[in-house]
Amino acid sequence: MSGSLKYLVTGASGQLGALAIDALLETVPASEVGALVRRAEAAAPLEAKGVTVRVASYDDPAALETAFAGVERLLLVSSSEVGQRAAQHANAIAAAKAAGVGFVAYTSILKADNSPLTVLPGEHVATEQTLAASGLHYALLRNGWYTENYTMGVPMALEHGGMIGAAGEGRISSAARADYAAAAAAVLTGDLPASGTVYELAGDTSYTLAEFAAALSELSGKPVGYTNMSPEAFAGALVGAGLPAPLAEMLADSEAGASQGGLFSEDGTLSRLIGRPTTPWRETLKAAL
Ligand SMILES: NC(=O)c1ccc[n+]([C@@H]2O[C@H](COP(=O)([O-])OP(=O)(O)OC[C@H]3O[C@@H](n4cnc5c(N)ncnc54)[C@H](OP(=O)(O)O)[C@@H]3O)[C@@H](O)[C@H]2O)c1
């Protein structure tokens, strides 16, 4: 695991990380791009793209430091292990510092330090603070919701003829994962921003969940209604459907936060960064159908 690498993307076996690799490969040669995975068996599809694969878990500080050796610019994709992320990201940041990484872009959450969501932002805020204290040159990609968070529920919504949620009249400015990946690649490959620069990233257009259900009805030709519930009732329904309680509570909290505008933004930074409008949510919905 030695040699210099201009760019390294963590979480590269995941959906956002893989798209960020693809976005980088649109403008830079594969020889400059590295992919970090925690499972060696996840390497093959990335190696097929011609990028260098390095292996380390966020739980393994020594392996992280080895994996970050010779890296100039790092995209630190937040871990999916909610509850362990502050410590995992702190490991990654310490390793980046020890390895002499020149720039770190971290995928945080929209309005991290000023969000009505109460569960998800905490670990992101902790990571943002760790980065600020690290002395590393860094930027924060505060990603809003993926449109795919809702389109993945389409089969179930069609089966049941309805969607449930707790977002009320809250508008959701989601964008496609690929849009956030393109933004990450743009920040990584561009002139480095001042350290600590914050990008609040969200889709150009927004919707309520009732509007989303109406669009699903229209596009699928099947009636799909939206039932708004209290966060408690929504969490209960998710547990009843088989979700683990902590996940159900996190989703209910996120919807409650969305009802207070936590997932809404009109600031347009995402489309400015990627140099095009964000993918319309109806287009992502159509593709999911
Ligand atoms: N903005 C949003 O709407 C939204 C929605 C969901 C999640 N997120 C956040 O954004 C991140 C990227 O989203 P995504 O859709 O790409 O998620 P994803 O497909 O679940 O990918 C998560 C990635 O994190 C890696 N990972 C997890 N634990 C790790 C560890 N201990 N050490 C090293 N790598 C580890 C996973 O590796 P494996 O393949 O080995 O599991 C995977 O590559 C998520 O992890 C989460 O923090 C944002």
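Answer with yes or no whether Ala202 is touching a helix residue (DSSP H, G or I) at 6+ places or on another chain (Cβ under 7 Å), under 22 Å from Ile109 (Cβ atoms) and touching a residue at least 40 places away in the same chain (Cβ under 8 Å). So Ala202 fits the description; yes.
With the structure loaded, tell me whether Ala181 is surrounded by 15 or more Cβ atoms within 10 Å (Cβ to Cβ) and either within 16 Å of the ligand (Cβ to nearest atom) or free of Cβ contacts under 8 Å to residues at least 60 places away in the same chain (or both) or whether it fails that test. It is true that Ala181 is surrounded by 15 or more Cβ atoms within 10 Å (Cβ to Cβ) and either within 16 Å of the ligand (Cβ to nearest atom) or free of Cβ contacts under 8 Å to residues at least 60 places away in the same chain (or both). Out of curiosity, is Ser174 in contact with a strand residue (DSSP E or B) (Cβ under 9 Å, 6 or more places away or on another chain), in contact (Cβ under 8 Å) with a residue 40 or more places away in the chain and open to solvent by less than 30 Å² (accessible area, probe 1.4 Å)? Here the answer is yes, as Ser174 does meet what is asked. When you go through Tyr199, Tyr180 one by one, which is the residue that is under 21 Å from Glu266 (Cβ atoms), assigned to a helix (DSSP H, G or I) and of a type in the set (Ser, Thr, Tyr)? None of the others qualify; the one that does is Tyr180. Restricting the search to helices (runs of 4 or more DSSP H) fully inside the stretch 87-163 and requiring at least 3 residues that are open to solvent by less than 30 Å² (accessible area, probe 1.4 Å) gives 121-134. Looking across the stretch 257-267, the residues that are surrounded by fewer than 16 Cβ atoms within 10 Å (Cβ to Cβ) and modelled with pLDDT of 95 or more come down to Gln260, Glu266. Here is the figure for the stretch 14-38: residues that are more than 16 Å from the chain's Cα centre (by Cα) and more than 8 Å from the ligand (Cβ to nearest atom) total 12.
A quick yes/no check of all residues on (1) open to solvent by 10 Å² or more (accessible area, probe 1.4 Å); (2) farther than 15 Å from Ala99 by Cβ; (3) touching a residue at least 12 places away in the same chain (Cβ under 8 Å):
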{"position": "Ser4", "(1), (2), (3)": "yes, no, yes"}
{"position": "Leu19", "(1), (2), (3)": "yes, yes, yes"}
{"position": "Ala40", "(1), (2), (3)": "yes, yes, yes"}
{"position": "Val53", "(1), (2), (3)": "yes, yes, yes"}
{"position": "Ala67", "(1), (2), (3)": "no, no, yes"}
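The single residue among Glu41, Glu72 that is more than 8 Å from the ligand (Cβ to nearest atom) and either assigned to a helix (DSSP H, G or I) or outside the structural domain of Thr27 (by TED's automatic domain parsing) (or both) turns out to be Glu41.
The values are calculated or read from the model by the stated rules, or taken from the named source; none is laboratory data. Just so it is clear, the model here is predicted, and its values are computed rather than measured. Positions of Cβ are generated from backbone atoms using ideal geometry, with glycine treated the same way; all protein chains shown enter the neighbour counts. Heavy atoms of the whole protein, side chains included, go into the accessibility calculation; ligands, DNA and RNA do not. Shrake-Rupley method; radii C 1.70, N 1.55, O 1.52, S 1.80 Å.
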